[in-house]
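Structure record follows, encoded as structure tokens.
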Protein chains: 2
Amino acid sequence: MLYLVGLGLSDETDITVKGLEAVKRASRVYLEAYTSILLVDQSTLETYYGRSITVADREMVESNSDEILRGAKEEDVAFLVVGDPFGATTHTDLVLRARELGVPVRTIPNASILSAIGATGLQLYNFGQTVSMVFFLDNWRPTSFYDRIKENRSIGLHTLVLLDIKVKEQSLENMARGRKIYEPPRYMTVGTCAKQMLEVEEEKGEGVYGLESLAIGAARVGGKTEKFVAGTLQELCDADDLLGPPLHSLVLLGRRTHELEYEFVREFAINRHTWDRVWEADYKGKQS
Amino acid sequence: MLYLVGLGLSDETDITVKGLEAVKRASRVYLEAYTSILLVDQSTLETYYGRSITVADREMVESNSDEILRGAKEEDVAFLVVGDPFGATTHTDLVLRARELGVPVRTIPNASILSAIGATGLQLYNFGQTVSMVFFLDNWRPTSFYDRIKENRSIGLHTLVLLDIKVKEQSLENMARGRKIYEPPRYMTVGTCAKQMLEVEEEKGEGVYGLESLAIGAARVGGKTEKFVAGTLQELCDADDLLGPPLHSLVLLGRRTHELEYEFVREFAINRHTWDRVWEADYKGKQS
């Protein structure tokens, strides 16, 4: 049996009791470590689970899934995923391959940022599609997120923006020389995301959002040091110090809001005067 | 401290290790039991947790939250919620009241149907806003879901439809006579949902969806007996036997699909011939 085990969002104790039992029982334990990370390191997990863990990087999961699935018809293999196992496309591939090989699969769900973001006080019913923001390079500035946000905002919905993480990246020089030396991991902050969003709005000029659009920066959601900061996109460009270490996410508000959302989120406002002013002018009682 | 503890979706072992520790430590333990249910009963939870549990019905949470929060500045109170604590508005109210009273709050997230529905193989990125379907009565047929689905489908997105549950309902006669006698709980099935959806399409006639629209019926998501059935809305009207006992949910597909989604979901098709035919004609390569 292949067990896809969600680890939740924060530390080693966010695994479910059912998930922990599956990990303890499995012959081999893999950890998917490239679409998200926990706030604790691998050795902490290994000590807590009492098991050694093989880190599965993107290459292994995408190109060498048969190694992960080896013998899984007869024995149990646990594949650990931060958050919920079905947050990322890659795991769909793994399940399809398991089906081909006749390996039975069981999923053990857990918290995902897609639902845990409800802790901002925004109603999950009012969210549209989720988008991703990658680190812009000089020659690579993908802007499909802009069209998705436009769609969401055209019907008044909030947008959750998931922020890029870069792990196990090689410098061009090291890659060219075939040296397996990796750069330190990088995690996008809310400030970088807000700036990139505003740059793209400036380029496209469709008025999908602007400096005064309301948003929430979220850090370490579900963890003990969880932190939310609410303000305009302009304010969030400079709020990384308030938010602290990774992981960060951002929510851009839609105009279809509920009074309860206002009251709940106001608590997190960088500047309540600004928050109240923009809310009254652009959000309160609006539908889209 | 008020702990909002997510219980996940299925049974007593879906609680996280962190959540279980909070439950064992708390002075009092409440269970919110009107927006969703686990597949096991209260006594199973009590035995497993080693704690007695007070069931908190809607009236208690909405009108008597001070009783739940009593003493919570000095001692720990655990408020258990099926799924993730922020799935429903009511808990926002409870947190706002806690803030007013100066009670610190911590949330322990868990799996929610909003992310666990990814086990259908549909990409969570392609979902629009979530809607609810209530049991229609002769004189009460709320159709706001139709407009929401229209919005989602206009931009090609899938829609998760959460189905009504009725617990602790009184008959009109018992209510009139002030008798606290409750009807057996009722859980909407995928068949009822599909029929109500088609009735409303017939009334409104806007062509938001139809008999041949593709959808997935989901039962007991995250549990050992999890079951998915894919087909047209017409086919799903009669698929309750295949799906088995509650809880059920339904996903109406949007047209912005990925080939991986096709391949993954096809496994669940009631009739693969129909599935392939409709997919080719109405979904493949479409954007909205």
Residues (out of contact with any strand residue (DSSP E or B) (no Cβ under 9 Å at 6 or more places or on another chain), β-branched (V, I, T) and surrounded by 12 or more Cβ atoms within 10 Å (Cβ to Cβ)) located in the range A:162-207: A:V200
For the range B:117-161, enumerate the residues that are aliphatic (A, V, I, L, M), open to solvent by less than 10 Å² (accessible area, probe 1.4 Å) and assigned to a loop (DSSP other than H, G, I, E, B). B:L122, B:L157
I'd like to know if the range A:19-39 contains one or more residues that are touching a His at 6+ places or on another chain (Cβ under 7 Å) and within 30 Å of A:K227 (Cβ to Cβ). no
Only helices (runs of 4 or more DSSP H) wholly contained in the range A:222-288 count here; list those with 2 or more residues that are open to solvent by less than 10 Å² (accessible area, probe 1.4 Å) and of a type in the set (A, V, I, L, M, F, W, C). A:233-236, A:259-266, A:272-278
Kindly evaluate A:V23 against the criterion of being surrounded by fewer than 20 Cβ atoms within 10 Å (Cβ to Cβ), within 14 Å of chain B (Cβ to nearest Cβ), on the phi < 0 side of the Ramachandran plot and at pLDDT 95 or above. no
Within the range B:87-116, of all residues that are part of a loop (DSSP other than H, G, I, E, B) and in contact (Cβ under 8 Å) with a residue 40 or more places away in the chain, the one farthest from the other protein chains (Cβ to nearest Cβ) is B:V103
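Matching residues to (1) in contact with a Gly (Cβ under 8 Å, 6 or more places away or on another chain); (2) on the phi < 0 side of the Ramachandran plot; (3) open to solvent by 20 Å² or more (accessible area, probe 1.4 Å):
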site	(1), (2), (3)
B:R28	no, yes, yes
B:S36	yes, yes, yes
B:L39	yes, yes, yes
B:Y48	no, yes, yes
B:R51	no, yes, yes
B:D57	no, yes, yes
B:E74	no, yes, yes
B:F86	yes, yes, no
B:H91	no, yes, no
Among the residues of the range A:48-56, is any within 14 Å of chain B (Cβ to nearest Cβ), part of a strand (DSSP E or B) and more than 17 Å from B:A111 (Cα to Cα)? no
Could you list, in sequence order, the residues of the range A:173-194 that are touching a helix residue (DSSP H, G or I) at 6+ places or on another chain (Cβ under 9 Å) and either assigned to a helix (DSSP H, G or I) or under 15 Å from A:S144 (Cα atoms) (or both)? A:V190, A:G191, A:T192, A:C193, A:A194
A:S43: of a type in the set (S, T, N, Q), part of a helix (DSSP H, G or I), away from chain B (no Cβ under 14 Å) and open to solvent by 30 Å² or more (accessible area, probe 1.4 Å), yes or no? yes
Checking A:E62 against (1) over 27 Å from A:Y182 (Cβ atoms); (2) assigned to a helix (DSSP H, G or I), only one condition comes out false. Which one? (1)
Near pairs, Cβ below 9 angstrom, 6+ apart or cross-chain, from the range B:266-286 (within 14 Å of another protein chain (Cβ to nearest Cβ)) to any residue that is open to solvent by 60 Å² or more (accessible area, probe 1.4 Å) and part of a helix (DSSP H, G or I): B:R266/B:R272; B:E267/A:R99
From the list B:D66, B:D76, B:D57, which residue is more than 19 Å from A:K18 (Cβ to Cβ), more than 25 Å from the chain's Cα centre (by Cα) and modelled with pLDDT under 95? B:D66
Checking the conditions here, which among A:A219, A:A215 is without any contact (Cβ under 8 Å) to a residue 40 or more places away in the chain, aliphatic (A, V, I, L, M), farther than 30 Å from A:Q287 by Cβ and open to solvent by less than 30 Å² (accessible area, probe 1.4 Å)? A:A219
Hey, A:D276 hits all of (1) farther than 16 Å from A:T120 by Cβ; (2) in contact with a Leu (Cβ under 6 Å, 6 or more places away or on another chain) but one; which does it fall short on? (2)
Pairs please, first residue from the range B:117-139 and more than 9 Å from every other protein chain (Cβ to nearest Cβ) and modelled with pLDDT of 95 or more, second anywhere and open to solvent by 20 Å² or more (accessible area, probe 1.4 Å) and in a loop (DSSP other than H, G, I, E, B), Cβ atoms under 8 Å, 6+ apart in sequence or on different chains. B:M133/B:D164; B:V134/B:P142; B:V134/B:D164; B:F135/B:D164
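The values are calculated or read from the model by the stated rules, or taken from the named source; none is laboratory data. Predicted model, so just to flag it, every value in this text is computed and none were measured. We place every Cβ from the backbone using ideal geometry, glycine too, and count neighbours over all the protein chains shown. Each accessible area value is taken on the protein alone, full model and side chains, heavy atoms only, with ligands, DNA and RNA left out. Shrake-Rupley method; radii C 1.70, N 1.55, O 1.52, S 1.80 Å.
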